[in-house]
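Trainee: My questions will all concern the structure given below.
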Amino acid sequence: MRKAGQSLRLNLMRCALLVAILLTWEMASGVVVAEFFVSKPSAIGRALGSWLAGGNLFFHIGITALEAFTGFFLGASIGVVVGVVLGRIHILADLLHPFIIAFYSLPKIALAPLFILWIGIGIGMKITLTATVVFFLVFLNTYTGVRNVSRELESIMYLMGASERHVLTKVVLPSAITWVFAGLRISVPYALIGAIVGELIASNRGLGFLLANASGQFDTAGVFAALIVIMMLSFLLNALVRAAEIRLMPWKSAESQREVTI
Amino acid sequence: MSMAGPLIAFRKAGKTFHVDGRTVEAVRDIDLDVARGEFVALVGPSGCGKSTLLNMVAGLFQPSAGSITYAGTEVVRVNLKTGYMTQNDHLLPWRDVVGNIQVPLEIQGMPATQMRKRVASLIELVGLTGFEKSYPAQLSGGMRKRTALARLLAYDPETLLLDEPFAALDAQLRLNMQIELLDLSRRLNKSVLFVTHDLDEAAALCDRCVVFSPRPGTIRKIITSPLPRDRNLIRLRHDPAYQALAAELWDLITPTLALTRGEAG
Ligand SMILES: Nc1ncnc2c1ncn2[C@@H]1O[C@H](COP(=O)(O)OP(=O)(O)OP(=O)(O)O)[C@@H](O)[C@H]1O
Ligand SMILES: [Mg+2]
């Protein structure tokens, strides 16, 4: 574990770095590069401020968050279930393998027009798009995790009289969960891609809409402001995943605190 | 169940592994009867197939030649009458010591309060008090072995298959565990197949000791212990009968030592 003083110093240095970047940006804008292209922190701050004052920023954030989080949750849940089922039932996995690969190689975003045909341009479409993107990432990771479960541990469990259900809950799931979380973590930005792209294609609300709208009006500060909000949303989702990870895998933090011995 | 016949019977049992087109004959022509309540030690050079034999008694795989029967029926699937403490501890890394020991109890569906008591007494028995909440990665090799032993004792199987269970323990702890194991097996009339590289340990504990040849492992000799069934392990060092048995084992093993050393070098 890092000492408290050390981590304080690291955080101070990070703040200093951030301030330096913002200052350079502010001063270089309009001098080195035209402000039209890069805007500048003070203008972005003003844009954010006016959105906040207007009161509809939170409405847009709420829409995008709803789409991204619901889609993430749906896609991840289905991904875990399908991953575990196919990971355990080899015949089924062998049967479906080529179909899964075919679907996997398809860029999921390209399905957006199809989803619009099926379910319209409402929130449902963005949730479906997000869920589809997240599903594959989580499914493939879970599947790999379940396939990598130690056969020895399984045998030991069967020797103790374990049923298939015992093996699943006591060995397969805890062992695969590291993989599941790896899948979840890489899925976070993709969840936002799904929601934002959905909004970019067809919407009159959400951060994607805000982004497209600002860009349409050549409002660079607005574009940057929208990007920053999106980044913060992604940060939040990431933090949630991280928190769940620490709660669900206490042995991992025990392992990371352990001094290296071999 | 027929009490008359042997509990475990090896009949011309052999096992050949096929890996990448290479065949390795681990054991060959094993004929051995183990009676109910008997403590049988298996000794022999590394790689002679001792673990392989235990695996087959546990029913993890079948012999490629001959047969193995348990209580009169051929072992063709996982043998639930046996508890197996493997050479590697195979603890669940995501469970702490308590969690690992109670796995078999959870499987049996034991009520929580009873389970806590049983686990607590086992932890005391194997001397892990104070490490209840430690994960396997935070334990020493010997502590992991003791956790595995406690887990095995927790579910109280009819027959114990022990693969070098005390190899990583200090002398004192080892003697302690030996006493507990012997006492337990006698009291509950459990059969034990006990693999060890420590010939003194084999001599101290066994009713019979099976000495194997180098791979492919065959039985070179089966020695019946002259020691009484209830023996005092602490006093044993000075018992001439014990000393003679240990010496006999050493004399049997040393000639093959030259062979294995040559193979290694
Ligand atoms: N699963 C396996 N696949 C292929 N070969 C194996 C397997 N298990 C064991 N063997 C081979 O069988 C032989 C006997 O192995 P085994 O583990 O039974 O030896 P052992 O007597 O227990 O040795 P040690 O005293 O070192 O534990 C070895 O040559 C080993 O390489
Ligand atoms: Mg072995």
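The values are calculated or read from the model by the stated rules, or taken from the named source; none is laboratory data. All figures in this text were calculated on a predicted structure; none of them were measured in a lab. In this analysis, Cβ positions are derived from the backbone assuming ideal geometry, glycine residues included, and neighbour counts consider all displayed protein chains. Protein only, heavy atoms only, side chains kept; ligands, DNA and RNA dropped before computing areas. Shrake-Rupley method; radii C 1.70, N 1.55, O 1.52, S 1.80 Å.
Trainee: List the strands (runs of 3 or more DSSP E) inside the range B:1-105, counting only whole elements, that have at least 2 residues being closer than 25 Å to B:D183 by Cα and within 16 Å of ligand 2 (Cβ to nearest atom).
Mentor: B:39-43, B:82-85
Trainee: Filter the range B:90-103 down to residues that are of a type outside the set (A, V, I, L, M, F, W, C) and at the interface with chain A (Cβ under 10 Å from one of its Cβ atoms) and give me whichever is nearest to the chain's Cα centre (by Cα).
Mentor: Once the filter is applied, the top-ranked residue is B:H90.
Trainee: Name the single residue, out of those in the range B:49-60 being over 17 Å from B:K12 (Cβ atoms) and not aliphatic (A, V, I, L, M), that is farthest from the other protein chains (Cβ to nearest Cβ).
Mentor: B:K50
Trainee: Out of everything in the range B:160-171 that is surrounded by fewer than 23 Cβ atoms within 10 Å (Cβ to Cβ) and away from ligand 1 (no atom under 16 Å from the Cβ), what residue ends up being nearest to B:T69 (Cα to Cα)?
Mentor: So the residue we want is B:L169.
Trainee: List, please: which pairs have Cβ atoms under 7 Å, are six or more places apart or on different chains, and start with a residue in the range A:146-161 that is within 10 Å of another protein chain (Cβ to nearest Cβ) and end with one that is of a type in the set (D, E, K, R)?
Mentor: Close Cβ pairs satisfying both conditions: A:M157/A:K170.
Trainee: For the condition basic (K, R), away from ligand 2 (no atom under 16 Å from the Cβ) and part of a loop (DSSP other than H, G, I, E, B), what is the one hit in B:R215, B:R229?
Mentor: Among B:R215, B:R229, only B:R229 is basic (K, R), away from ligand 2 (no atom under 16 Å from the Cβ) and part of a loop (DSSP other than H, G, I, E, B).
Trainee: Of the residues that make up the range A:111-134, is at least one more than 21 Å from A:G206 (Cα to Cα), away from chain B (no Cβ under 14 Å) and touching a residue at least 40 places away in the same chain (Cβ under 8 Å)?
Mentor: Within the range A:111-134, not a single residue is more than 21 Å from A:G206 (Cα to Cα), away from chain B (no Cβ under 14 Å) and touching a residue at least 40 places away in the same chain (Cβ under 8 Å).
Trainee: Of the residues A:A162, A:A131, which is of a type in the set (G, A, S), within 16 Å of the chain's Cα centre (by Cα) and modelled with pLDDT of 90 or more?
Mentor: Result of the check over A:A162, A:A131: A:A131.
Trainee: Another question, then. Please work out which one of (1) under 22 Å from the mean Cα position of the chain (by Cα); (2) farther than 24 Å from A:R46 by Cβ is the condition A:Q257 fails and give its number.
Mentor: Failed condition: (1).
Trainee: Which residue, of A:G161, A:G124, is surrounded by fewer than 21 Cβ atoms within 10 Å (Cβ to Cβ) and part of a loop (DSSP other than H, G, I, E, B)?
Mentor: Answer to the selection: A:G161.
Trainee: To continue, here is another question. What pairs can you find where one residue is in the range A:47-58 and closer than 18 Å to A:Q217 by Cα, the other is among the acidic types (D, E) and open to solvent by 70 Å² or more (accessible area, probe 1.4 Å), and their Cβ atoms are less than 8 Å apart, with a gap of 6+ or different chains?
Mentor: Pairs found: none.
Trainee: Additional query: For the range A:16-102, which fully contained helices (runs of 4 or more DSSP H) count at least 1 residues that are assigned by TED's automatic domain parsing to the domain that holds A:N148 and at pLDDT 95 or above?
Mentor: A:57-88
Trainee: Turning to a different aspect of this structure: Would you tally the residues in the range B:65-89 being more than 8 Å from chain A (Cβ to nearest Cβ) and in contact (Cβ under 8 Å) with a residue 24 or more places away in the chain?
Mentor: Number of matching residues: 12.
Trainee: Further question: In the set B:A258, B:A264, which member is among the hydrophobic types (A, V, I, L, M, F, W, C), open to solvent by 80 Å² or more (accessible area, probe 1.4 Å) and at pLDDT below 90?
Mentor: Result of the check over B:A258, B:A264: B:A264.
Trainee: Another question about this same structure. Can you pull out every residue in the range B:104-155 that is within 11 Å of chain A (Cβ to nearest Cβ), within 18 Å of the chain's Cα centre (by Cα) and open to solvent by 40 Å² or more (accessible area, probe 1.4 Å)?
Mentor: Answer for the range B:104-155, where residues must be within 11 Å of chain A (Cβ to nearest Cβ), within 18 Å of the chain's Cα centre (by Cα) and open to solvent by 40 Å² or more (accessible area, probe 1.4 Å): there is none.
Trainee: Determine whether B:N176 is in a helix (DSSP H, G or I) and open to solvent by less than 10 Å² (accessible area, probe 1.4 Å).
Mentor: It is false that B:N176 is in a helix (DSSP H, G or I) and open to solvent by less than 10 Å² (accessible area, probe 1.4 Å).
Trainee: Related question: Taking the residues in the range B:45-95 that are away from ligand 1 (no atom under 16 Å from the Cβ) and among the aromatic types (F, W, Y) as candidates, determine which candidate is most open to solvent (accessible area, probe 1.4 Å).
Mentor: B:W94
Trainee: Also, quick follow-up: Suppose we keep only residues that are open to solvent by 10 Å² or more (accessible area, probe 1.4 Å) and within 16 Å of ligand 1 (Cβ to nearest atom) within the range B:179-198. Which one would you say is farthest from B:L245 (Cα to Cα)?
Mentor: Among those residues, the one meeting the criterion is B:H197.
Trainee: Consider B:D207 carefully, then state whether it is surrounded by 14 or more Cβ atoms within 10 Å (Cβ to Cβ), without any contact (Cβ under 8 Å) to a residue 40 or more places away in the chain and under 26 Å from B:L149 (Cα atoms).
Mentor: No; evaluated as a whole, the condition is false for this residue.
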